[in-house]
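J.: My questions will all concern the structure given below.
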Amino acid sequence: MENKEPQVPSNERDTANRLSRKKGFNKAQKKFAIGGVILGGAIIYLMITGINASSSYYYTVAEVIAMGDSATSKGLRLEGKVAPGTIEQDTANLKLKFNIIDESEGAIPVFYEGITPDMFQEEIDVVVEGSLNKDGLFVAKRLLTSCPSKYEASKDVKKSI
Amino acid sequence: MNEIGEYSLIIALAISVYSAIVPVIGEKNGVKSMVKSSEYALLAIFGLHTIASIALLRAFMTNDFSLEYVYSYSSIELAPFYKMSAFWAGQKGSLLLWAWILGLFSIIVVIQNRNKNRKLMPYVTSMLSVVLVLFGTLMVFASPVFGKMPAMPPDGHGLNPMLQNPGMIFHPPTLYVGFVAFTIPFAFAMAALLSNQLGDIWIRTTRRWTIFAWLFLTFGNLLGANWAYVELGWGGYWAWDPVENASFMPWLTGTAYLHSVMIQEKKNMLRTWNMVLVALTFILTIFGTFLTRSGMISSVHSFGETTVGMYFLVFLFMIIIFSAYLIITRLPLLRGEHELDSIISREASFLFNNLLLIGAAFTVFWGTMFPMISELVRGEKITVGPPFFNMVMVPIGITLLLLTGICPLIAWRKASVKNFKKNFLTPGLLTLAGSITVVVMGVHDFLPWISFTVCIFVGATISTEIMRGVFARMSGGKESFGRAALNLFWKNKRRYGGYIIHIGVVFAFIGFTGSHFNQETEASMRPGDKLTIKDYTLTYYNLKQTQPKETLVHTEATLLVEKGGEKIGYIMPERNTYFLKNIDGSSNPQPTSEVAIHTTYAEDLYVIFASMNEDGTATFKAHINPLVKWIWLGTLLMGLGGILAMWPDRRERKRFEARHTAAS
């Protein structure tokens with residue numbers, strides 16, 4: 001499978017080719033275009049189904065409270081702070097309850113089962129993903145704490161500066 | 001010394017403005033001395049950045065907490081090694097390191113091209129200087145590196161314990177090197193457009209830079225994955241987090257570029273496309289930096305909203321408009337001299353490779369930006385999670401891998417069916433046998449089965465190809481098998497370096513596919529309790545707590561590991577609680593868990609010491625992650641192949657020079 005490269009000086013070839021080129025596409029180019037459209041279509045199809053299957057809605061605490069029952073049907077992603085004094089932890093069974101709050105007045109109780117992240121504590125920023133049940137309890141499938149930033153001094157330091 | 005550093009940065013900024021403007025004026029008016037002086041200016045900038053870096057390093061080593069940056073990332077007790085690495089733990093030092101690397105690469109380019117490419121160099125110098133102006137502006141105005149504390153604190157805040165890990169020390173600089181190195185092909189591409197030197201000289205000149213950049217980007221990403229795996233302790237290595245995606249997007253377009261330039265070199269096709277790709281890759285490196293620095297996209301890595309985001313955004317728009325304008329106005333000159341001859345040709349397989357990589361980059365872009373896009377379009381912020389990425393990227397990845405296997409089977413221009421059949425027979429049979437073996441070994445789901453099958457196929461085509469080459473050498477001369485293999489690789493470094501990289505990719509895919517069979521379980525245990533996962537039994541043995549220094553409490557758990565009833569050893573996950581000091585003398589406890597991993601080629605047993613509980617129990621989480629080791633092994637192979645492909649080759653240079661002189 002040695003590939004011999006043509007040894008014609010490239011400038012001459014260039015001009016000759018440009019002069020002799022016909023308008024439009026050749027057969028191979030058309031086939032490639034068809035293949036490309038099929039691949040592109042497949043990728044877009046996968047993207048659309050993927051978005052439908054895995055999207056969750058970003059809401060604030062206040063928005064979820066305002067929506068009431070209509071918030072129960074979809075995947076939600078809530079960002080807020082852990083309300084002080086609301087952490088109830090059953091470490092033996094890995095169950096955790098706390099209230100999530102933000103700048104608004106409201107609070108939403110969150111239930112999470114599994115290992116709590118190392119950084120989890122009162123007043124830390126958290127992200128919860130899951131859904132709201134009928135009783136207004138947010139059942140979290142994922143609980144993330146914002147890592148103390150890799151690149152910036154953490155917030156309490158900034159305050160104290 | 002801090003003042004010296006500060007002034008160095010200001011002078012370097014002024015000089016970079018000079019070297020951005022003057023070489024172009026010099027070239028237009030034929031004043032050679034102006035061009036030369038700008039090249040010396042780059043040398044001066046590098047020198048000044050070096051002085052500034054030494055100043056900052058000195059501040060770290062001497063615990064000069066009067067600097068805000070040193071205060072934020074270091075403390076008296078920090079080990080000297082980590083004091084050095086704290087240099088790039090934060091944004092300011094990262095910018096300085098970035099600028100320093102760019103300066104270093106710039107002077108290497110100047111030295112490499114002192115007697116050649118004289119028509120391109122004024123523009124290259126100018127383009128590199130423009131980027132240096134951006135970083136200079138950031139370091140002097142937006143985020144002053146030598147910014148001071150109001151008063152000198154007695155001790156620093158300390159380095160985030162998660163950054164006190166070798167993986168984290170090398171991951172950011174490796175990634176920066178990759179990002180920065182892509183500036184070089186970009187600068188040459190723009191210089192080619194500006195000077196109408198649109199042959200393949202700019203591509204040949206930057207070929208090695210491109211592989212170098214690609215290699216470091218690959219390593220940077222995989223070191224990040226490795227760090228996440230061994231240090232973050234959530235059991236995985238990739239989470240499709242916006243910050244990860246930010247460095248993955250330029251990798252995808254960079255990989256596309258790496259392949260499509262070969263088509264331009266060999267066939268003089270795709271000249272416009274290559275310009276677009278190299279510009280896109282550079283734009284994505286800037287975009288990625290913007291994304292992570294602007295706080296626009298929320299990520300678990302909260303980087304903090306900083307003012308530098310705006311600067312990157314403005315620069316991003318300037319570069320997009322500038323490069324788009326240049327490419328569009330030069331379109332007639334960029335037309336290639338060849339057209340695609342056949343759909344079953346190596347060119348076509350490269351084109352499909354490009355299409356898929358761009359599709360993948362678009363997918364990652366779309367998924368990362370989806371919260372913003374949906375908010376603009378529908379007024380609701382919607383995020384897509386890892387399932388979206390996996391759903392789209394896994395099929396794309398497997399198809400790409402399949403192309404990797406098909407490519408060596410088909411010839412340039414047009415492959416004959418007869419030829420294809422002949423080439424396909426051996427690897428085809430090997431793949432069939434392998435594929436059946438995979439099913440027999442217990443892989444019954446479609447996705448992992450197809451993935452393993454494609455891996456085997458690629459491995460088979462590449463090794464058949466290599467064996468064919470070796471036998472050809474052996475039959476021709478009197479070479480022994482080993483000699484022939486060595487010569488084959490050494491005399492076609494680019495080609496066989498490429499094959500080695502592809503084998504590395506296959507290894508990585510084997511590892512990725514293993515994640516389909518992940519298992520996990522968790523339990524709160526008292527000493528003597530057992531936990532079982534797959535055929536492993538873990539018996540919680542005891543706990544040891546020590547306080548090696550004032551700011552650290554170290555707890556180590558010991559668990560006995562048995563596999564299939566046989567004792568294989570102890571595994572010791574740890575928990576460390578660090579106390580980072582605040583300025584008022586108080587300290588916050590920051591617990592981190594250190595996972596313990598028992599690794600084999602078949603699977604990793606990954607144990608996390610999750611918590612110590614008030615009732616005297618300890619909580620452990622155990623994962624079985626099959627085949628992860630193959631990813632790190634693949635990384636090594638990619639590095640090896642990359643080095644071989646980059647190795648200077650006299651034969652190749654002669655071929656190039658012969659063509660070059662014939663062309664002019």
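The values are calculated or read from the model by the stated rules, or taken from the named source; none is laboratory data. All values derive from a computational prediction rather than experimental measurement. No Cβ is skipped: glycine too gets one built from the backbone with ideal geometry, and neighbour counts run over all protein chains shown. Calculation scope for accessible area: heavy atoms of the full protein, side chains included, ligands and nucleic acids excluded. Shrake-Rupley method; radii C 1.70, N 1.55, O 1.52, S 1.80 Å.
J.: Amide H of B:MET269 versus every other amide H placed in the peptide plane: which residues, excluding those fewer than 5 positions away on the same chain, fall under 5 Å?
T.: Amide H neighbours of B:MET269: B:GLN264.
J.: Report, as an integer, the average count of C-beta atoms from other chains found within 10 Å of each Cβ along A:38-49.
T.: If you average over the peptide's residues, the count of other-chain Cβ atoms is 5.
J.: Follow-up question, since we're still on this one. Please list the three semi-axes, largest first and in whole Å, of the ellipsoid equivalent to the range A:57-160, using sqrt of 5 times the eigenvalues of its alpha carbon gyration tensor.
T.: Over the Cα atoms of the range A:57-160, the ellipsoid semi-axes are 23, 17, 12 Å.
J.: Further, regarding this structure: Once you average over the residues of A:53-62, how many Cβ atoms of partner chains fall within 10 Å of each Cβ?
T.: 5
J.: Over chain B, what is the relative contact order in percent, taking alpha-carbon pairs closer than 8 angstrom and at least six residues apart?
T.: Worked out over chain B, it gives 10 percent.
J.: Using the structure shown, select from B:LYS563/B:LYS629; A:LYS74/B:LYS534; B:LYS544/B:LYS629; B:LYS266/B:LYS493 the pairs with a Cα to Cα distance greater than 23 angstrom.
T.: As for pairs spanning more than 23 Å Cα to Cα, those are A:LYS74/B:LYS534; B:LYS544/B:LYS629.
J.: Summing Lys, Arg as +1 and Asp, Glu as -1, what charge do residues with Cβ under 14 Å from the Cβ of B:GLY511 carry, B:GLY511 excluded?
T.: -1
J.: Moving to a separate point now. Could you report the buried accessible area between B and A, both sides summed, computed with a 1.4 Å probe and given in Å² to the nearest 100?
T.: In total, chains B and A hide about 6500 Å² from solvent.
J.: What residues have an amide H closer than 5 Å to that of B:LEU78, excluding those fewer than 5 places away on the same chain, when H is modeled at 1.01 Å from N in the peptide plane?
T.: Result for B:LEU78 returns nothing.
J.: If you don't mind, there's one more thing I want to ask. May I ask you to give the average projected area over all directions of the convex hull of the Cα atoms of the range B:513-589, in nm² rounded to one decimal?
T.: 7.9
J.: Arrange the peptides B:396-408, B:179-191 so that the one whose residues have, on average, the most other Cβ atoms within 10 Å appears first.
T.: Descending mean neighbour count gives B:179-191, B:396-408.
J.: Step through the table entries B:LYS267/B:LYS491; B:LYS36/B:LYS119; B:LYS491/B:LYS654, compare each Cα-Cα distance with 19 Å, and write down the pairs that go over it.
T.: B:LYS267/B:LYS491
J.: Principal axes first, then extents: for the Cα atoms of the range B:435-572, list largest minus smallest coordinate on each axis, whole Å, largest first.
T.: Result for the range B:435-572: principal-axis Cα extents of 69, 44, 28 Å.
J.: Leaving out ligands, DNA and RNA, and with a 1.4 Å probe, what % of the accessible surface on chain B is carbon or sulfur?
T.: Looking at chain B in its full context, I get 67 percent from C and S.
J.: Beta carbons within 10 angstrom, averaged per residue: use that to sort the peptides A:62-70, A:93-101, B:199-207, B:213-221, highest first.
T.: Most protected by this proxy first, the peptides run B:213-221, B:199-207, A:93-101, A:62-70.
J.: Okay, moving on. Counting only heavy atoms of the protein chains, get the accessible area per residue of the protein assembly as shown (1.4 Å probe) and round it to a whole Å² value.
T.: Heavy-atom SASA per residue in the protein assembly as shown reads 44 Å².
J.: Is there a quick way to get the dipole size of chain B? I mean about its Cα centre, with the Cβ of Lys and Arg at +1 and of Asp and Glu at -1; what is the value in debye to the nearest 20?
T.: For chain B, the charge dipole is close to 3720 debye.
J.: Can you give the convex hull volume of the alpha carbon atoms of the protein assembly as shown per residue, in Å³?
T.: Taking only Cα atoms, the protein assembly as shown has a hull volume of 186 Å³ per residue.
J.: From the helices alone, meaning DSSP H stretches of at least four residues, give me the mean residue ellipticity at 222 nm for chain B, per-run term -39500 (n - 2.57), in deg cm²/dmol to the nearest 500.
T.: Helices in chain B give a 222 nm mean residue ellipticity of -21500 deg cm²/dmol.
J.: Can you give me the orientation-averaged projected area of the convex hull built on the Cα atoms of chain B, in nm²?
T.: Value for chain B: 34.3 nm².
J.: For a quick protection proxy, order the peptides A:129-136, A:79-86, B:648-655, B:343-350 by their average other-Cβ count within 10 Å, most packed first.
T.: Averaged packing, sorted descending, gives the order B:343-350, A:79-86, A:129-136, B:648-655.
J.: Please give the net charge around B:TYR40, taking every other residue with its beta carbon less than 15 angstrom from that of B:TYR40, where Lys and Arg add +1 and Asp and Glu add -1.
T.: So the environment of B:TYR40 carries a net charge of +2.
J.: Averaged over its residues, how many other protein chain Cβ atoms are within 10 Å of peptide B:350-358's Cβ atoms?
T.: Average per residue, whole number: 2.
J.: Calculate how large, on average over all directions, the projected area of the Cα convex hull of the range B:241-398 is; give the answer in nm² to one decimal.
T.: For the range B:241-398, the mean projected area of the Cα convex hull comes to 10.7 nm².
J.: Using θ = phi - 60° and the Karplus relation 6.51 cos²θ - 1.76 cosθ + 1.60, list the HN-Hα couplings for the range A:112-124 in order, rounded to whole Hz, with x at every Gly or Pro.
T.: Taking θ as phi minus 60°, the curve returns 9, 10, x, 7, 7, x, 3, 7, 4, 6, 4, 6, 8 Hz for the range A:112-124.
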